[in-house]
Structure formats: structure tokens, C-alpha cells
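Derivation of every value follows stated rules applied to the coordinates shown; laboratory data play no part. Only a predicted model underlies this, so the values are computations on that prediction, with no experimental measurement involved. For neighbour counting, all protein chains shown are included, and Cβ atoms are generated from backbone atoms with ideal geometry for every residue, glycine included.
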Amino acid sequence: MFTGIIEETGEVRDVREVGDGRRLVVSAEVVLSDVVVGASICVDGCCLTVVEHGEDEQGSWFGVDAVPETLDRTTLGGITPGEPINLERSMAADGRFGGHIVQGHVDTVTVVEAIHEHLDGSKRITFRLPSSLSGQIVVKGSVCLDGVSLTVAGLGEGSFDVAVVPHTLHVTTLGCLRAGDSVNVEVDVVARYVAGLVSRLDSMAGGQG
């Protein structure tokens, strides 16, 4: 489990084919301070398992494997060397819970529709609202975008907004977003279960009619 509070941005060092999937090699420092093979790291919102790690003349690094399902459903399928990437270790039992419950199970990918910059350095970013997530994203509710815990600031016709403070823009990849860019989306886990329960109840009611 994660919290959506990014610990650092790493850089994709290498992407290579491994069977039907791919191995991503990422340069990092903070998340590797206590890393072991088998540890979970949230990579741009995707929970992945560390399969190797080390240090060389370019610095410390770790490797994770992404299976076809992950590559098909997330932005990791199109990632290339040199790209910055949001990183967070799994939450320690005695750690602070600064964001919200993030599983690292991406629901879908969405697209930036517009970015409005404010005088205080913050940005209001509008994203397309996938029809599959309708009803699971609500104003003042939580949403995870590329691994970052954010609060939904507004809902439009087929879109939703988040307001991002300067600090978050600076320490995550959200500050680099442009209109048309794709991001990973994970809805709040409570909203996901409620939506599933309501859907099942509706199906049961329909079957009794």
C-alpha cells in the first residue's frame, strides 16, 4: 500500500524486452536507501516489484518487470529512457499517512485537456473523465494521478479538475505536463468498492423485476 506522497523523481535508464514484458531500469536514490529484492515501489502509480538493484558510475539504480497487462493498461507501455518518473516506497506500518490509500493498481489512462496557470505558481489541470470511472470521481474526493495523491477540485461534462500547489509541481512530474499528455489514473479504493457494490445491487434488483 502507498499514500500518493512522492518521495523522489527517478529517471528511466533503460527499457529492455523480457519475454512478453519489459524490464525498466530506473536511476534513484531515496527509495533505494533500504531496498531489497522483492520490495514494492510505486512507479508512476504502478505497484511493481524490485527484481534487481545496484550502483555503478552513474549512481544507484533498480530494476522492475512490467508484464503485458501492465504495459497495455498504463503509460509504462510507452515509456522510454531519459523520462522522469514518480517514485514511492510502500508505506511503513509506523509511517505518516499523508495522502490517501493508494494500491498501485491503475484503473486506466487519461489525457490532459487543459492547464491553467495561476499567479501564485499553482496550476489547475483538466483531465478527460473516462466513462468507466464515471461516478467514482467526485468533487473533494481523492484521485491518484501518476502516483500522486490529489483532491478533485471540479467536475465538468466528461472531465475533472485538480488544483496542484507549486511544491507538488516542483517535486513530481506533474509540473512537466502539457495538454495531450497521458497519465495513469487510480480512483479512491473506497469509491471503487462502492461502485462495484451498487452495480451488483442494481443487477440483482433488475433480475427480480
**Request:** Could you run the Karplus curve 6.51 cos²θ - 1.76 cosθ + 1.60 with θ = phi - 60° over the stretch 120-137 and give me ³J(HN,Hα) per residue in whole Hz, x for Gly and Pro?
**Result:** 7, x, 7, 9, 10, 10, 9, 10, 5, 9, x, 4, 5, 9, 4, x, 9, 10
**Fill in**
Note on the chain: contact order normalised by length, alpha-carbon pairs under 8 Å, 6 or more apart, percent, works out to 23
**Request:** Mind checking which of Gly45, Gln136, Val106 is farthest towards the positive end of the chain's charge dipole, using Cβ charges of +1 (Lys, Arg) and -1 (Asp, Glu) about the Cα centre?
**Result:** Gln136
**Item:** Gain in span if fully extended, Glu29 to Val138, counting 0.36 nm per residue against the direct Cα distance
**Value:** 35.7 nm
**Complete:** Placing each pseudo-label 7 Å from Cα in the direction of the beta carbon, Ser122 and Arg16 end up separated by a distance in nanometres of 4.5
**Request:** Can you check what the Kirkwood hydrodynamic radius comes to for the stretch 8-89, Cα pairs only, in Å to one decimal?
**Result:** 12.4
**Complete:** If unit charges are put on Cβ atoms (+1 for Lys and Arg, -1 for Asp and Glu) and the dipole of the chain is taken about its Cα centre, the option from Val25, Leu150, Ile79 lying farthest towards the positive end turns out to be Leu150
**Message:** Restricting to DSSP H runs of at least four residues, report the calculated mean residue ellipticity at 222 nm for the chain, -39500 (n - 2.57) per run over all residues, nearest 500 deg cm²/dmol.
**Reply:** -4500 deg cm²/dmol
**Complete:** Listed residues Glu113, Glu17, Glu52; largest mean-square fluctuation, Gaussian network over the chain with Cα springs below 10 Å, found at Glu17
**Item:** Residue exposure sequence - Cys176, Cys144 - by fewest surrounding Cβ within 10 Å
**Value:** Cys176, Cys144
**Asked** Of the residues Ser122, Ser131, Ser159, which exhibits the maximal mean-square fluctuation in a Gaussian network model of the chain defined by a 10 Å Cα contact cut-off?
**Response** Ser131
**Message:** Debye calculation, C-alpha points only, no solvent: report log10 I(q)/I(0) for the chain at q = 0.09, 0.11, 0.14, 0.19 Å⁻¹, in the same order as the q values.
**Reply:** -0.36, -0.54, -0.84, -1.40
**Asked** Whole-Hz Karplus ³J(HN,Hα) for the stretch 76-87, in order, using 6.51 cos²θ - 1.76 cosθ + 1.60 and θ = phi - 60°, x for Gly and Pro?
**Response** 5, x, x, 6, 10, x, x, 6, x, 8, 7, 10
**Request:** Excluding Asp161 itself, calculate the net charge of residues whose Cβ lies under 13 Å from the Cβ of Asp161, where each Lys or Arg counts +1 and each Asp or Glu counts -1.
**Result:** +2
**Message:** Taking the Cα centre as origin and putting +1 on Lys and Arg beta-carbons and -1 on Asp and Glu beta-carbons, what dipole magnitude results for the chain, to the nearest 20 debye?
**Reply:** 740
**Request:** Report, by chain and number, residues whose modeled amide H sits under 5 Å from the one on His53, excluding near sequence neighbours (fewer than 5 apart, same chain).
**Result:** Gly63
**Request:** Quantify how much of the Cα-Cα distance distribution of the stretch 108-194 extends past 16 Å, in percent.
**Result:** 47
**Item:** DSSP loop trypsin sites (Lys or Arg not before Pro) with at most 16 other Cβ within 10 Å: longest gap in the chain
**Value:** 1-95
**Request:** Quote the charge dipole size of the stretch 20-104 about the Cα centre in Debye, to the nearest 20; the model charges only the Cβ of Lys and Arg (+1) and of Asp and Glu (-1).
**Result:** 280
